[in-house]
Every structure is written in C-alpha cells, then in structure tokens.
Amino acid sequence: MATLDHPELRESLNVLLKNARPRLERVLRNFEVPPEDAEDILQDAQLTLLYKWDKIRSPESWLIGTVKKKCIMYWRKRRGSLCEAVDTAILDLISVPQAPEQEKTELTYDLNRVLAKLSVRCRSLLRLRYGLGYGPTEVAEQMGYRTSSIRKVTNRCLAALTRQLLAVGFQRERGSEPAPQDG
Amino acid sequence: MARHPNPAALVKLAEGRLSRLRSRQVIRHLIAGCAACDEIVAQASRFDYAGSFSGAWCATEQRDAALAREKAAAPALLQELLGALAATPEAAQALVAGSLRFHAWAFCEHLLDTARELGFQDPGRALELARLGVEVAGRLDGSIYGEQRVRDLGGRAWALLGNAERIQSDFRAAEKSLVCAERLLDKGTGDPIERASYYLAKASLRGNQHRFREAFRLLDRVMTIGRRCDDSHLCGKALITRGFLLGLANDQEAAIRLLSEGIERIVPAEDPRLLVAAHHNLTLYLAESGRFDEAMSHLERTRPLYLALGDHMNLLRLQWLEGKIATSLGDFARAEALLQPVREELAERRLGLDFALLCLDLARIYARQNRSAEMRRMAEEMLVIFRSRDAQREAIAAVLIFQQAAEMERVTLGLVQELSEHLKECRAVPGPRSRGAV
C-alpha cells in the first residue's frame, strides 16, 4: 500500500503529477470544468490513485483516463439539468397565455432561426414539440420512433439546441451533433 | 434586442444553477442570438487551474499521514487475526466485527493480498481470509475513505471470495459472490482496473463451467482495459487466462500460442505465481500435443522459477509433470520413481481427484508392463480415498469402473485415457453434491 511517507513514493507521485499536469489541464479545459469543481475532480482522482497505488501499473494513463471520465460524468449530470432548463424555459415561453401577438411572432421567428441550424431530424422533432405542442408519445408516433427510444432521441436534440444557444460543457473536439450520452 | 442579462446569471445558467423564471428570461435573450453574451460565457470558461492542482495535492498529503499509520499497523493486526482464526473462524469473525482497529483500508488490502497469495497453495485458508476480507471491507467508513472507493474495495473482496470459492469447486457460492462484487463495483468509482480484476475472476468461473464463449468475451474486455490503461501486465494476465481456458477446452495448440504471448507480456516480479502457473501449463500442453522434447527443454528452463517460488504444491506438480513426460517417452522406471512420492503426498493431503488422476497416470505404466496385481491394489486404494470424502457421484462411478476393470484384469490404455478425461471434467464442472475439495 502506498503512502507519501516513503520519500521515493512522494517523489514518484510528484514527478507523475508534474508530467501529467499539462495533459490534465488540457482535459479540464476541453471539458470546461470550473476550477472549484476541477479541484474536487483532481482531488478525488489523486486520492484513489494514492489508495490504489500498488494496483495501478501505469499511473499516468490511469490518472488522465480517470479525470477524463470524471469530467464526462460531471457534464453528463450538469448538461442534463442545463438541457432541461432550456426545454422548460422554451415550453414556458410558448405557453404564456396572454402574451402580445408581436412577442409571439418574434419568439416563433427566433426559435425557427435557431432550429434551422440543427439537423433535419432534430429540427422536425423540436418543431413538433414546440410548434405543435406534441407530447413525447405523439412525437414518437409522428416520426416513426419507438416510444421506448423517444426520450433518448429528444435528449440528443435538446443537447444540440442547447449547444446552439450556449456552447458550454460540450467537448470542443466533438462535431456539432451531440454524442449519444448527451442529455 | 432586450437588455443583456447579468453575466453572473449567464454563468449560473451554464452551470445549471439558475432559477426557472430567470432561466426563461435569459434563454429568451439567447434565442434571439447574442454574440456579446456568447463571448461572456466563453470568457468565463477560460479558467486558471493552478489553485485546483495545489488544493488537490494538499488534500492528498493530509490523507497520507493516516494511511501511513494504518499501513504500519496492518501486519500486526493480521497476525492477531490469524491467531484468532487458528482457534475458530467464528472467533476471527467476532474479532473483526468487534474492534474498530480492524476497520482500516490498509489492513483490508493486506488481508485480501494475503488471501490472494494463498490462492491455490492453501485454498481452505484463502477462503477463510477472503470471507474475513469481505467482512472488513463491509465495515470500512465511507466518510473517511470515500463511499465509492469503499465500494470498490468491497467489490474486490467479493470477487476474491468468489475466486476462492471457485478454486474450492463451489461454483454456486462463487456465482453469488461475483454478483455481490458486480453490484458494488457498479456503485463504485468506475475504476477500470478493479473492473478488470472482476472480469478475470468471472471469466475463470465461466471457463470452469465450460461456458467458454462468455469467458472469452469477458477476457476481451480485460484486454481492452489493459490497452486503454497502457497496462501490459493486465493484457498478459488476460492472455494467460485465455490460454488456461483453451487448454480446458482441449485446444492445446491455441493454448500454447496464447500462453507464450501472455508470458511475454507479464511483469515476472509482479506475479511470480502466475508466471509459474503459465509456464507449467505451457509445458503440460506441449507434452499433451506430443511435443515431448520441447516440453522437456521448456521444463528445464523454467525449473529455477519453481525453486525460487519454493511453494511445495507447485514443486509437487512439477514432479508429477516430469513423471508424465517420462511415461510418454517410455522411461517407465524414472516415471514411476517420480510419480510414487507425489501419489503418497496427494493421499496424505486428501486431494482425492488429483490422487485419482495421478493413479491413472501410474495405471498407464502398469498396463504397459502387465502389472495386474499392482493395478488391482491401486484401484482399491483409490476407492477407499474417494468413499471417505464427499465425492461426486460421477467421479465415484468412474473410479468404480476402473476398480472393476482392474479386478477383471481388463484395464486398457484407452480406458485409462477415457477415465482420466472424465475425472478432469468432474474437477472442472462439479455436480450438486460437490462442495469442498474432494
């Protein structure tokens, strides 16, 4: 079992963290993790590395892989609530009962402009959702999806829309279409 | 365009922390398209991580002092526990349950490593220690070590227990333990190395159950983890396990190839027992494929590894293997001289199935030399050893057939071969009566 009481081990861990730091920083930046949350992620990964030092044969690869995975988990959780906030806000906006006609027209125009930047599939799905007020089952029926998979498809499209509005929490190297775990 | 939202609100929204009403206002603004606000969010995302790194390091250093104390205390605690275990397993369980001193990460790891080390050398003791390991892991304080890390260690302990149960041929218990391991690992840190250890244990069980396709799929996952984590030793372990299983499936040529590849990849100092086991099986499969000269020269090359390890059971197996090769080469006098002492030791240790298999190796010599009287005497001894234990019905039946054939002086090499294969299968797939080692 590893402890930093052994000067050799302390040195090894120091060297490891020094070497891995540029790559770790790159990972954190790519995932746009705020510093206070990054500290939690780094601390957790380092503590696990310390506890399991004897079992991990390639600590640098392990540490970078672990931090990357934690960043993905971090954003999966955050992005879920962000997409939900966007969805709820849009549903709220279009359902305001006594909004002036001009406001409604402007909203429809702006929303269409944003949706136009999405893929055909997402555009159709979100138009049914926001334009016609369809629920998930109706959207699934209309677009030929199984009811069991409509939630996943909707989440992907919401993530794409969120990315259009606020490009944060999506890895920069990825394309414009969200990865399957989005949402 | 409406008034720009407060930059703090934009950042809060990006972090998913803004209220519903404020979110509506901000998102309405963003839908209209606002480059200035996009820039604010982008600016907020240009982070400086210097403080994050130093803060994380401070926390690591703080935890280390406590770990150092735990590590220093672990060997003495293990001795104390072994003392209690020598009295009764219940006394050891009570000691672990009743004293907080034992509820420590370093001690738990030390206990599990010792159990793994004993593995095949002393399967009964390994099983007892693995059970205690599960008990200790279940009592670790998540608020000290981290809930997810504690679950990882719990998963490791259950996987080790499952493996110890498999070695004892209690496959049903092994199955249950591996389910517990998986449940804990699912809620753990997601550490791929822990997951790989679990897959290795499960693959070995599936192999023993002759569910080879599932076993190989699990080993593929271990290889993927090994490659991803840059862990050549782990890849070597997966290849060696695959080699063992292919041997069990009677595909000696593929087994030889994979074992050779695996041996190349593992770090010898990390797991000398695995290295010896891999070389041993490689020699065995070379001999079983009729490549006796290669087998003999390989055995001579690897003999120092057995001696360096010094494990008595391994040395016994080496001698048995030498006896088998000598039989195949027609050197019956040497073969018998090598096999007889092993036979006595196996009888003494009450390792019934191994004893029977070795007797069948001797039977090959007696059959070729027409030594019917010795054959009859040996067959009776086999039956006595088998009947004194909770042996599998199918295995007893095989020994009975042998005994009757010996009685009638009708033992042929073909019969010996057939019974030998049947007993090997009984060892791999025990029936419902089989619990402990036969």
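Exactly one of these conditions fails for B:L248: (1) closer than 30 Å to A:D54 by Cα; (2) touching a residue at least 60 places away in the same chain (Cβ under 8 Å). Give me its number.
Checking B:L248 against (1) closer than 30 Å to A:D54 by Cα; (2) touching a residue at least 60 places away in the same chain (Cβ under 8 Å), the one that fails is (1).
Within the range A:94-113, is there a residue that is within 7 Å of another protein chain (Cβ to nearest Cβ) and among the β-branched types (V, I, T)?
no
Tell me which residues, restricted to the range B:138-158, are within 13 Å of chain A (Cβ to nearest Cβ), in contact with a helix residue (DSSP H, G or I) (Cβ under 6 Å, 6 or more places away or on another chain) and among the hydrophobic types (A, V, I, L, M, F, W, C).
B:L140, B:V150, B:L153
From A:R57, A:R21, grab the single residue that is at the interface with another protein chain (Cβ under 8 Å from one of its Cβ atoms), outside any helix (DSSP H, G or I) and not aliphatic (A, V, I, L, M). Can you show your working first?
Details: A:R21 fails: outside any helix (DSSP H, G or I).
One residue alone meets the criteria, A:R57.
Regarding B:S197, is this residue assigned to a loop (DSSP other than H, G, I, E, B) and within 16 Å of the chain's Cα centre (by Cα)?
Values: assigned to a loop (DSSP other than H, G, I, E, B): no; within 16 Å of the chain's Cα centre (by Cα): yes.
No: the conditions fail for B:S197.
Which residue is nearest to B:A196 (Cα to Cα), if the candidates are limited to the range A:79-97 and must be charged (D, E, K, R) and surrounded by fewer than 20 Cβ atoms within 10 Å (Cβ to Cβ)? Write out each step before concluding.
Within the range A:79-97, the subset charged (D, E, K, R) is A:79, A:84, A:87, A:92.
When the remaining residues are screened for being surrounded by fewer than 20 Cβ atoms within 10 Å (Cβ to Cβ), the result is A:84, A:92.
Numbers: A:E84: 35, A:D92: 47 Å.
So, considering only residues that are charged (D, E, K, R) and surrounded by fewer than 20 Cβ atoms within 10 Å (Cβ to Cβ), the one nearest to B:A196 (Cα to Cα) is A:E84.
Mind counting the residues in the range B:110-159 that are in a helix (DSSP H, G or I) and over 30 Å from B:R349 (Cβ atoms)? Spell out how you get there, then give the answer.
Going through the range B:110-159, the residues in a helix (DSSP H, G or I) turn out to be B:110-118, B:123-138, B:142-145, B:147-159.
Filter again for over 30 Å from B:R349 (Cβ atoms), leaving B:137-138, B:142-145, B:147-155.
The qualifying residues number 15.
Select, from A:A85, A:A45, A:A89, the only residue that is more than 7 Å from chain B (Cβ to nearest Cβ) and more than 12 Å from the chain's Cα centre (by Cα). Spell out how you get there, then give the answer.
Numbers: A:A85 fails: more than 7 Å from chain B (Cβ to nearest Cβ); A:A89 fails: more than 7 Å from chain B (Cβ to nearest Cβ).
Within the list A:A85, A:A45, A:A89, the selection yields A:A45.
Among what's in the range A:60-78 and is at pLDDT below 85 and surrounded by 17 or more Cβ atoms within 10 Å (Cβ to Cβ), pick the residue that is farthest from the other protein chains (Cβ to nearest Cβ).
The qualifying residue farthest from the other protein chains (Cβ to nearest Cβ) is A:W75.
Enumerate the pairs (first residue in the range B:26-47 and more than 10 Å from every other protein chain (Cβ to nearest Cβ); second residue anywhere and buried (at least 18 other Cβ atoms within 10 Å of the Cβ) and at pLDDT below 70) with beta-carbon separation below 8 Å, excluding pairs fewer than 6 apart on the same chain, so at least 6 apart or on different chains.
Within 8 Å, no pair qualifies.
Can you go through B:R228, B:R242 and tell me which one is within 14 Å of chain A (Cβ to nearest Cβ) and either more than 18 Å from B:H298 (Cβ to Cβ) or touching a Cys at 6+ places or on another chain (Cβ under 7 Å) (or both)?
Answer to the check: B:R228.
Scan the range B:406-416 for residues that are loosely packed, with under 13 Cβ neighbours inside 10 Å and either within 34 Å of the chain's Cα centre (by Cα) or under 18 Å from B:L248 (Cβ atoms) (or both) and report the count. Write out each step before concluding.
Residues of the range B:406-416 loosely packed, with under 13 Cβ neighbours inside 10 Å: B:408-410, B:412-414.
Among the residues that remain, those that are also either within 34 Å of the chain's Cα centre (by Cα) or under 18 Å from B:L248 (Cβ atoms) (or both) are: none.
Looking only at that region, the number is 0.
Of the conditions (1) touching a residue at least 12 places away in the same chain (Cβ under 8 Å); (2) not in a helix (DSSP H, G or I), A:R79 fails just one. Which one is it?
Of everything listed in (1) touching a residue at least 12 places away in the same chain (Cβ under 8 Å); (2) not in a helix (DSSP H, G or I), A:R79 misses just condition (2).
Is it the case that the range B:311-331 has a residue that's modelled with pLDDT of 95 or more, farther than 25 Å from B:R368 by Cβ and under 21 Å from the mean Cα position of the chain (by Cα)?
No, there is no match, as no residue in the range B:311-331 is modelled with pLDDT of 95 or more, farther than 25 Å from B:R368 by Cβ and under 21 Å from the mean Cα position of the chain (by Cα).
Which residue out of A:L111, A:L115 is out of contact with any Lys or Arg (no Cβ under 8 Å at 6 or more places or on another chain) and either of a type in the set (A, V, I, L, M) or buried (at least 18 other Cβ atoms within 10 Å of the Cβ) (or both)? Spell out how you get there, then give the answer.
Numbers: A:L115 fails: out of contact with any Lys or Arg (no Cβ under 8 Å at 6 or more places or on another chain).
Only one candidate passes the filter, namely A:L111.
Are there any helices (runs of 4 or more DSSP H) wholly within the range B:290-378 with 2 or more residues that are without any contact (Cβ under 8 Å) to a residue 60 or more places away in the chain, in contact with a helix residue (DSSP H, G or I) (Cβ under 9 Å, 6 or more places away or on another chain) and not assigned by TED's automatic domain parsing to the domain that holds B:I396, and if so which? Steps first, answer last, please.
Details: elements: B:292-309, B:312-328, B:332-348, B:352-368.
Of the helices (runs of 4 or more DSSP H) lying wholly inside the range B:290-378, those with at least 2 residues that are without any contact (Cβ under 8 Å) to a residue 60 or more places away in the chain, in contact with a helix residue (DSSP H, G or I) (Cβ under 9 Å, 6 or more places away or on another chain) and not assigned by TED's automatic domain parsing to the domain that holds B:I396 span B:292-309, B:312-328, B:332-348.
B:A337: more than 24 Å from B:R368 (Cβ to Cβ) and among the aliphatic types (A, V, I, L, M), yes or no?
On the way: more than 24 Å from B:R368 (Cβ to Cβ): no; among the aliphatic types (A, V, I, L, M): yes.
Against the criterion (more than 24 Å from B:R368 (Cβ to Cβ) and among the aliphatic types (A, V, I, L, M)), B:A337 does not qualify.
The values are calculated or read from the model by the stated rules, or taken from the named source; none is laboratory data. Just so it is clear, the structure is predicted and the values come from calculations on it, not from any experiment. Quick reminder, even Gly has a Cβ in these numbers, built from the backbone with ideal geometry, and neighbours come from all protein chains shown.
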